[in-house]
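Colleague: The structure is given below, and queries will be raised subsequently.
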Amino acid sequence: MSSKRGAAALQPPPAPPDAVPPFAAGPLSITRLSEGTGVTRQAITRHLHALGRVGLVRHARRGRERVWDLNRKRLEKAKQYLDHIAAQWDDAAERLRAFVEDKRGEQR
Amino acid sequence: MAVNTPAPNDTVSTDRIEKRVVLRASRTRVWRALTNAAEFGTWFRVKLEGAFAAGRPIRGRMAIPGYEHVTLELLVERIDPERYFAYRWHPYAVAPGVDYSAEPTTLVEFTLEDTEGGTALTIVESGFDRIPLTRRAEAFRMNDNGWTGQIKHLAKYVE
């Protein structure tokens, strides 16, 4: 859809350090994760271990292969961090408003 | 099952927060509230020592109940009179006993424009993608216990 492309063009480029592999369909092996990405298995393994250390992904055995999946709860928390900081700014902006719009705002 | 449909949030930047407010005050008035360290401290609730100067750090203790143990340090990036003010800091650096100094900072930018009825202020904080995820998760855990209550507390001051 063209509107989607337009919106994407306005977004800053995605940052690589926190890039999350596509687990939308559930747990995946490293082989599957590397398919069609042009990224080496080694690089993907390294990313998965880094994400695993902070609890954002976890792995399990499925038959003979190891599969990786997102820890969605943890990921959600990382996102909520931004929401909380945004709420702090809302709050600070309202205190600033009280301060500049109302003489009583200067009391303390 | 719509497993492959990304949530709307997926297209939202995780790197920056942007707020725009219109204040019923002159640009000069808002500028002073932002860049006079004592005035900034009044509404932001921090007791800053000294004045803002480009390229210089400024420190101060938070004056929010429950956060008095926190010393804020801002590194002023740029001051363009009555138009643009920017500093760097460590976002939500409130964990007692943690040295954040080696960690990445975020950039906070205030931009002022004249608008009908007052001054449009845009606040942008960016650089969150460089903040370690562990730190974000920790901050959230602290938020769970502290911040929700603080917001309610603060609301009383503003009213």
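The values are calculated or read from the model by the stated rules, or taken from the named source; none is laboratory data. What you see is a predicted model, and the numbers here were worked out from it, not measured in a lab. Neighbour counts run over all protein chains shown; Cβ positions are idealised from the backbone, glycine included.
Colleague: Within the set of pairs 6 or more residues apart or between chains, which connect a residue that is assigned to a helix (DSSP H, G or I) inside segment A:63-75 to a residue that is not small (Gly, Ala, Ser) with Cβ atoms less than 6 Å apart?
Modeller: A:Arg74/A:Leu56; A:Leu75/A:Leu56
Colleague: What do you reckon, is B:Ile64 modelled with pLDDT of 95 or more, within 15 Å of the chain's Cα centre (by Cα), at negative phi and more than 8 Å from chain A (Cβ to nearest Cβ)?
Modeller: It is false that B:Ile64 is modelled with pLDDT of 95 or more, within 15 Å of the chain's Cα centre (by Cα), at negative phi and more than 8 Å from chain A (Cβ to nearest Cβ).
Colleague: A:Ala60: in contact with a Phe, Trp or Tyr (Cβ under 9 Å, 6 or more places away or on another chain), more than 12 Å from chain B (Cβ to nearest Cβ) and modelled with pLDDT of 85 or more, yes or no?
Modeller: yes
Colleague: Being part of a helix (DSSP H, G or I), more than 10 Å from chain A (Cβ to nearest Cβ) and on the phi < 0 side of the Ramachandran plot narrows it down to one of B:Ala38, B:Ala51, so name that one.
Modeller: Values: B:Ala51 fails: part of a helix (DSSP H, G or I).
On inspection, the qualifying residue turns out to be B:Ala38.
Colleague: Kindly indicate which of B:Glu103, B:Glu39, B:Glu77 is surrounded by 13 or more Cβ atoms within 10 Å (Cβ to Cβ), of a type in the set (D, E, K, R) and touching a Phe, Trp or Tyr at 6+ places or on another chain (Cβ under 7 Å).
Modeller: None of the other options fit; the residue is B:Glu77.
Colleague: Being at pLDDT below 90 and polar (S, T, N, Q) narrows it down to one residue among B:Thr148, B:Thr106, B:Thr71, B:Thr119; which is it?
Modeller: B:Thr148
Colleague: Those residues that are without any contact (Cβ under 8 Å) to a residue 24 or more places away in the chain and exposed (fewer than 15 other Cβ atoms within 10 Å of the Cβ), I need them from segment B:82-98; list them, please.
Modeller: Across segment B:82-98, the qualifying residues are B:Gly97, B:Val98.
Colleague: Here is a further query. Tell me yes or no: at least one residue of segment A:79-99 is modelled with pLDDT under 80 and of a type outside the set (Ser, Thr, Tyr).
Modeller: Yes, segment A:79-99 contains a residue that is modelled with pLDDT under 80 and of a type outside the set (Ser, Thr, Tyr).
Colleague: Moving on to the next point. With respect to B:Glu68, determine if the residue is among the acidic types (Asp, Glu), without any contact (Cβ under 8 Å) to a residue 12 or more places away in the chain and closer than 22 Å to A:Ala87 by Cβ.
Modeller: When the stated conditions are applied, B:Glu68 passes them.
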